[in-house]
Amino acid sequence: MIAELLRNSNYTVVFTGAGMSTESGLPDFRSKNTGLWENVDPTLIASVDSMNRDVERFFQFYRERVLGVKDCLPHKGHELLVEWEKAGLVDSIITQNVDGFHYRAGSKNVMELHGTLQTVHCQQCGLEFSSEKYETNHFYCTCGGKLRPSVVLFGEGLPEEPFMKAIEESEKADLFIVLGSSLTVTPANQFPLLAKDHGAKLVIVNLEPTEFDSYADLVINDRKIGDLLIEINEKLM
Ligand code: APR
């Protein structure tokens, strides 16, 4: 079914969440028992307030995430999205993920709505550095400001460029495929609806139900993303 949709689509946008990277070994946020936010209130750790109030905990949390991403690799599913982009079957990827795996796998047209763990920048002067600083516990800029990860923290706005482009892409799509997102975080979760409202077919691939399933033309929650993309690829051959 999805292979057919991909073949017949003129403009396909893929929208990914943390479920896209669990098969690379990175935990997602809200899966039962394994999600990062299972035992911690994200606003108490992934926010500017916690960076200022709970410095040690904030930096250790993000140091672990930076090192975790470094230890993991994009999986076959990321690679197939690259192949499909090259074959003209996928036109762009809107991602909530900050692991950089779509770029690392080779995808070109990617919008990182929530920023990236690949760089850190000074909260004071804005100077940008590689996140390798975190490997050596370098959490402060030469200006004395804090070197925070270049991800969107709770309570912050999204970076304008990827956000505006994601609006354009969602409105252009005639096929919009969600891969591995609970669709619980706004405004990112509005893009599937925007695409649908502009006439796109909406496909949601997620191991758990989402509150947007009723809008979807197709919902698949009985297969992991990696296995499903491999299956689809075999049908596209
Ligand atoms: N295949 C299919 N679905 C999967 C897989 C998999 N291999 N692994 C996990 N999932 C599903 C889970 O069932 C879950 O519903 O992926 C979904 C991931 O949802 P979340 O953990 O909520 O992640 P996401 O939707 O990306 O979170 C959005 O929340 O904390 C913020 O900024 C953070 O970008 C993140 C945002």
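Observations on the structure shown:
- Residues of segment 19-51 that are under 15 Å from V185 (Cα atoms) and assigned to a loop (DSSP other than H, G, I, E, B): D28, F29, R30, S31, G35, L36, W37, D41, A46.
- Selected residue (criterion: surrounded by the most Cβ atoms within 10 Å (Cβ to Cβ)) from residues of segment 1-40 that are within 7 Å of the ligand (Cβ to nearest atom) and small (G, A, S): G17
- Scanning segment 76-135 for residues that are more than 15 Å from the ligand (Cβ to nearest atom), farther than 22 Å from L236 by Cβ and surrounded by 22 or more Cβ atoms within 10 Å (Cβ to Cβ) returns V120, S131, Y134.
- Count of segment 160-184 residues, restricted to those that are under 11 Å from H114 (Cα atoms) and under 14 Å from the mean Cα position of the chain (by Cα), is 2.
- Here segment 135-157 is the region considered, the condition is being touching a helix residue (DSSP H, G or I) at 6+ places or on another chain (Cβ under 7 Å) and among the aromatic types (F, W, Y), and the residue that is nearest to L113 (Cα to Cα) is F154.
Here's the yes/no breakdown for (1) among the small types (G, A, S); (2) in contact with a Lys or Arg (Cβ under 7 Å, 6 or more places away or on another chain); (3) at pLDDT below 95:
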| site | (1), (2), (3) |
| --- | --- |
| T22 | no, no, no |
| S31 | yes, no, yes |
| D41 | no, no, yes |
| L44 | no, no, yes |
| V55 | no, no, yes |
| F59 | no, no, no |
| H75 | no, no, no |
| A87 | yes, no, no |
| I94 | no, no, no |
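- Selection status of I232, under 21 Å from V82 (Cβ atoms) and more than 19 Å from the chain's Cα centre (by Cα): yes
- Residue list for segment 61-80, filter: in a helix (DSSP H, G or I) and touching a helix residue (DSSP H, G or I) at 6+ places or on another chain (Cβ under 7 Å): Y62, R63, V66, L67, K76, G77, H78, E79, L80
The values are calculated or read from the model by the stated rules, or taken from the named source; none is laboratory data. All values reported here derive from a predicted model rather than from experimental measurement. Cβ coordinates were reconstructed from backbone atoms using ideal geometry, including for glycine residues, and neighbour counts include every protein chain displayed.
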